[in-house]
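Data block below; observations after.
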Amino acid sequence: MTHKRITIGLLIVFSLLMAYSVIAIPLDWPRPHFLTSLNTMVGFSAAFSHAWQRMGLKRALTLLACSFVVSLAFESIGVATGLVYGPYHYTDKLGPKFLGLVPYLIAIAWFLMMYPSYVIADRLAGKKLAGWKRFVLVAALGGLTMTAWDVGMDPMMVANGHWVWEVEGAYFGVPLQNYWGWWLTVFTTFAVYLFLMRDLRLLDDKRFDRLAILVYIATGLGNLLQGYFIGLGGAALAGFFAMIPWVITGWLATSD
């Protein structure tokens, strides 16, 4: 019970920080440079706390390790070569970088949204399939769920100067290749994790899983509203329609 309260408390703090990040734009309140990092770290803590409660510490740490290693490897290759996502580079706004290429904060942010995407995919996959067929389905659905979040998030983060696309992409300056790269990164992470752990739910609590979905909602809604208030209404609307099917179906899949 205490662990669940910690997860709930972290989710509340995360939601309040995201709300401040949004309303600070139209009200012209201070937005210190560390706010993005603080939001990410608190959101990550909420996601990991939920994972620990749901999956056990060993599985939670394994998923975190898979997420960290795969995302950092894919991102590093992407920045160095232009493969995977398209040609881009990070600015210095997100802190220290791995090999001077990718901020460590980015690998933390991947887990922040990978884990809720995994929970949604796991619930949507149901219990009818088993073995490798279910693992492939969870990995594929998880990739789609998280990529939907990037539809609204990527243009907003570029506009705020966190990374720079070196080509003029077709989607608000973002190359369409980026979204294939996102799906592939998440699919690979979940495939490796499921191969290693042969995962099954340890805590089959639908109401508790809704907390993970709320992390997905808080992150996504905060990003979309920030995008709207800085003049990216089209990307915000596209992101909303990309994410809402996963929010609704995930919520229904966790109903009693």
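The values are calculated or read from the model by the stated rules, or taken from the named source; none is laboratory data. Not measured: the values here are computed from a predicted model. So basically every Cβ, Gly included, is an ideal-geometry build from the backbone, and we count neighbours across all protein chains shown. The area values use the complete protein model at the heavy-atom level, side chains included, leaving out ligands, DNA and RNA. Shrake-Rupley method; radii C 1.70, N 1.55, O 1.52, S 1.80 Å.
Among the residues of region 74-97, those identified as over 17 Å from the mean Cα position of the chain (by Cα) and over 27 Å from PRO32 (Cα atoms) are SER76, ILE77, GLY78, ALA80, THR81, GLY82, LEU83, VAL84, GLY86, PRO87. Every condition in (1) touching a Phe, Trp or Tyr at 6+ places or on another chain (Cβ under 9 Å); (2) more than 20 Å from PRO155 (Cβ to Cβ); (3) in contact (Cβ under 8 Å) with a residue 40 or more places away in the chain is met by GLY56 except one, and the failing one is (1).
Checked against the criterion of being crowded, with 19+ Cβ neighbours inside 10 Å, over 24 Å from THR7 (Cβ atoms) and among the charged types (D, E, K, R), the candidates ASP122, ASP150 yield just one match: ASP150.
Please specify each residue of region 1-19 satisfying the condition of being hydroxyl-bearing (Ser, Thr, Tyr) and exposed (fewer than 15 other Cβ atoms within 10 Å of the Cβ).
Within region 1-19, the subset hydroxyl-bearing (Ser, Thr, Tyr) is 2, 7, 15.
Residue satisfying the conditions is THR2 alone.
Scanning region 69-89 for residues that are in a strand (DSSP E or B) and either open to solvent by 40 Å² or more (accessible area, probe 1.4 Å) or of a type in the set (D, E, K, R) (or both) yields a single hit, HIS89.
For TYR104, indicate whether it is under 20 Å from HIS33 (Cβ atoms), modelled with pLDDT of 95 or more, open to solvent by 30 Å² or more (accessible area, probe 1.4 Å) and not charged (D, E, K, R). Full working, then the answer.
Details: under 20 Å from HIS33 (Cβ atoms): yes; modelled with pLDDT of 95 or more: yes; open to solvent by 30 Å² or more (accessible area, probe 1.4 Å): yes; not charged (D, E, K, R): yes.
The answer is yes for TYR104.
Counting the residues of region 169-198 that are surrounded by fewer than 20 Cβ atoms within 10 Å (Cβ to Cβ) and modelled with pLDDT under 95 gives 4. Within region 199-213, the set of residues being modelled with pLDDT under 95 and open to solvent by 20 Å² or more (accessible area, probe 1.4 Å) comprises LEU200, ARG201, LEU202, LEU203, ASP204, ASP205, LYS206, ARG207. Looking only at residues of region 214-232 that are more than 13 Å from GLY152 (Cβ to Cβ) and within 13 Å of the chain's Cα centre (by Cα), we find that the one that is surrounded by the most Cβ atoms within 10 Å (Cβ to Cβ) is VAL215.
Taking the criterion of being open to solvent by 60 Å² or more (accessible area, probe 1.4 Å) and of a type in the set (Lys, Arg), the residues of region 29-58 that qualify are ARG31, LYS58. Residues of region 202-230 that are without any contact (Cβ under 8 Å) to a residue 40 or more places away in the chain and of a type outside the set (Phe, Trp, Tyr): ASP204, ILE217.
Looking only at region 126-147, how many residues end up being open to solvent by 10 Å² or more (accessible area, probe 1.4 Å) and either part of a helix (DSSP H, G or I) or of a type in the set (Val, Ile, Thr) (or both)? Qualifying residue count, region 126-147: 11.
Restricting region 233-255 to residues that are open to solvent by 70 Å² or more (accessible area, probe 1.4 Å) and in contact (Cβ under 8 Å) with a residue 24 or more places away in the chain, which is nearest to the chain's Cα centre (by Cα)?
Initially, region 233-255 is screened for residues open to solvent by 70 Å² or more (accessible area, probe 1.4 Å), giving 237, 240-241, 248, 251-252.
Add one more test, that the residue is in contact (Cβ under 8 Å) with a residue 24 or more places away in the chain, and what stays is 240, 251.
Values: PHE240: 15, TRP251: 17 Å.
Here the answer is PHE240.
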